[in-house]
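Right, one structure below, let's go through it.
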Amino acid sequence: MTVVMSMSWAGVSPEQYDTVRDAVGWEEVAPSGGEVHVAWFDAQGLLHVIDVWESEEAFQTFFAQRLAPAIEKAGIEGAPTTDFRPLYRRFIAPGVTGAA
């Protein structure tokens, strides 16, 4: 079942996020089962992520094999608040592709 994963993580800097992104290379080699990734920092510096995955298990596999080692290497501490919900509907505007 396709799921939406929402995550909030205090104490992660934009530089740490970029270090993890570069180490994992998800934009160059897309994770199996990963469909959409959106990330931003709010006014208080809290990292927010919204992903769409083909299943929660696909995300857990990606996390264990690729993401967790990069998080550790980047020195990120603590743990995020994470939630999974079934996807109801997805729309991607025509012509929208790639990373921003």
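Any idea how many residues of the stretch 77-96 are part of a loop (DSSP other than H, G, I, E, B) and in contact with a Ser or Thr (Cβ under 9 Å, 6 or more places away or on another chain)?
3
Just one of (1) touching a Ser or Thr at 6+ places or on another chain (Cβ under 9 Å); (2) open to solvent by 20 Å² or more (accessible area, probe 1.4 Å); (3) assigned to a helix (DSSP H, G or I) trips up Ala58, so point out which. It is condition (2) that Ala58 fails. Somewhere in the stretch 38-47, is a residue in contact with a strand residue (DSSP E or B) (Cβ under 7 Å, 6 or more places away or on another chain), open to solvent by 70 Å² or more (accessible area, probe 1.4 Å) and farther than 17 Å from Glu15 by Cα? Checked the stretch 38-47: no residue is in contact with a strand residue (DSSP E or B) (Cβ under 7 Å, 6 or more places away or on another chain), open to solvent by 70 Å² or more (accessible area, probe 1.4 Å) and farther than 17 Å from Glu15 by Cα. Scanning the stretch 12-30 for residues that are touching a residue at least 60 places away in the same chain (Cβ under 8 Å) and surrounded by 13 or more Cβ atoms within 10 Å (Cβ to Cβ) yields Val12, Gln16. All conditions in (1) out of contact with any strand residue (DSSP E or B) (no Cβ under 8 Å at 6 or more places or on another chain); (2) surrounded by 13 or more Cβ atoms within 10 Å (Cβ to Cβ); (3) at positive phi; (4) not hydroxyl-bearing (Ser, Thr, Tyr) hold for Gly33, with the sole exception of (1).
The values are calculated or read from the model by the stated rules, or taken from the named source; none is laboratory data. Here the structure is a predicted model, which is why all the values come from computation and not from measurement. In this analysis, Cβ positions are derived from the backbone assuming ideal geometry, glycine residues included, and neighbour counts consider all displayed protein chains. When the accessible area is computed, the model is the full protein with side chains, heavy atoms only, and any ligands, DNA or RNA have been set aside. Shrake-Rupley method; radii C 1.70, N 1.55, O 1.52, S 1.80 Å.
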